[in-house]
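All of the numbers you see were taken from the coordinates with simple rules; none came from a lab. All figures in this text were calculated on a predicted structure; none of them were measured in a lab. Note: ideal-geometry Cβ built from the backbone for every residue, glycine included; neighbour counts use all protein chains shown.
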Amino acid sequence: MRNEQLKMMIVSALFAAIIAVFAQISIPLPFSPVPITGQTLAIGLAATILGSRYGTLSVGIYLLLGAVGAPVFAGMIGGLGSLVGPTGGYLVGFLPTAFIIGWYLEKTSFSVKQAIIANLIGMIVTLAFGTAWLKVAADLTWTAAIAGGVTPFIPLGIVKAVLAAIGGIAVRKRLESARLLSIQTN
C-alpha cells in the first residue's frame, strides 16, 4: 500500500513536470493579456489519467513550483506575481478543474464519452475562474473580461478537451493493463 502511494506521488510529480512543459506551448493574443497555452491540455490529461486525488496533486505541485519562482508558467516565468496577475485566476482555477474532471470520471466511468464531458466541464471551470480574476486584476468590465478571457479560448479549448479525453483514456487503459496504474477511486 505504501509503495503504491509513493509510486502515485512520483507519477503526480511527473505530471507536474508535463504540465510545466506544455505550459511553454504558448500563443500570445494581441487583444488579451492571457495567451493560449498547452497547460489545459496537460491538466486534462493528468486528471483523466490519474483521477481526482492524484490529478489535483499534480496541479498543486505545479502551482507550488511556480509560486516559489521556478519558471514553469507560460513564457518560462514563475513567482507569486503570476498568481496575482491577469492570468492568476486561470492558474488557481486549474486546481478545481483537475479535481472536478477526475471526480466526474470516478463517479461516472473512465470512458471517452464521459472524459469529453468531464474535460468540457473542466474548461468551463478554468474559464470561469480565469475570467473572474481577469476582470478584477485588469480592472475590466464583464464584457471586456469575457471578450478577452473566454471567447478566444472556446474553439481551441473544445479541441484540447477532446484530445485530453481521447489521449487520457487511451493512456489510462494501457497503464492499467500493464498494472502500472493503481488508483483507488472514491
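Laid out as a table, the results:
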quantity: Note, ³J(HN,Hα) from phi for the range 18-35, Karplus 6.51, -1.76, 1.60, rounded to Hz, x at Gly and Pro; calculated: 5, 4, 4, 5, 5, 5, 7, 7, 9, 10, x, 10, x, 10, 9, x, 10, x
quantity: Mean separation of Cα contacts under 8 Å (6+ apart) over length of the chain, as relative contact order %; calculated: 24
quantity: Selection of chymotrypsin sites (Phe, Trp or Tyr not before Pro), the range 1-103, meeting DSSP coil and at most 15 other Cβ within 10 Å; calculated: 31
quantity: Estimated dipole of the chain in Debye, rounded to 20 [Cβ of Lys and Arg +1, of Asp and Glu -1, Cα centre]; calculated: 500
quantity: Distance between modelled label sites at residue 173 and residue 136, nm, 7 Å Cα→Cβ extension; calculated: 4.2
quantity: Candidate values (i) 15.9, 45; (ii) 17.4, 62; (iii) 15.9, 51, label of the one derived for Rg and Dmax of the Cα atoms in Å; calculated: (iii)
quantity: 14 Å beta-carbon shell around residue 169, net charge (K/R +1, D/E -1); calculated: +2
quantity: Charge-dipole axis of the chain as Lys and Arg at +1 and Asp and Glu at -1 on Cβ define it, positive-most pick from 20, 90, 49; calculated: 49
quantity: Angle between the chain longest axis and helix 154-177 axis [Cα atoms, degrees, rounded to 10]; calculated: 20
quantity: Lysines with Cα under 26 Å of residue 113, excluding same-chain neighbours fewer than 8 positions away; calculated: 160, 173
